[in-house]
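In what follows, a single structure is set out as structure tokens and then discussed.
The values are calculated or read from the model by the stated rules, or taken from the named source; none is laboratory data. Just so we're clear, the structure is a prediction, and the values are computed from it rather than from any experiment. When we count neighbours, we look across all protein chains shown, and the Cβ atoms used for this are built from the backbone with ideal geometry, even at glycine. These accessible areas exclude ligands, DNA and RNA; they are computed on the full protein's heavy atoms, side chains included. Shrake-Rupley method; radii C 1.70, N 1.55, O 1.52, S 1.80 Å.
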Amino acid sequence: MSDAGLSLPDLAGSERSELEALIERIVERTLSQIGHLEKTPFVNSTACSELLGVTPEHLCAMRARGEGPPWSGAGKWIRYRRSDVLTWLASLPR
């Protein structure tokens, strides 16, 4: 933790290691929830619908109308580039 410029309170060895382990788990979970731990830049329809806050069925209807973020594939193999989805989402009027 010291390499991040943070200092932990003076704790006994085991308490300190438990606290560091807890901090690491919190960071990993937070990062995974926002997608930084994804191994691929692509997401399927289910993951894309979660990013957009709509149902997979609504996302399918958007594709059929030619709306929504750019996608590629066919049938059940539809994929979205995560960065394209986030860019499309950011471009929506507020």
Protein accessible area in segment 52-94, 1.4 Å probe - carbon and sulfur %:
59 percent
Computed accessible area, Val43, all protein chains, 1.4 angstrom probe, square angstrom
10 Å²
Taking a probe of 1.4 angstrom, what is the accessible area of Ser91 in Å², to the nearest 10?
80 Å²
Could you pull the accessible area for Trp77 with a 1.4 Å probe, rounded to 10 Å²?
150 Å²
Glu67-Thr87 FRET efficiency (beta carbon distance; Förster radius 22 Å; 0.05 resolution)
0.90
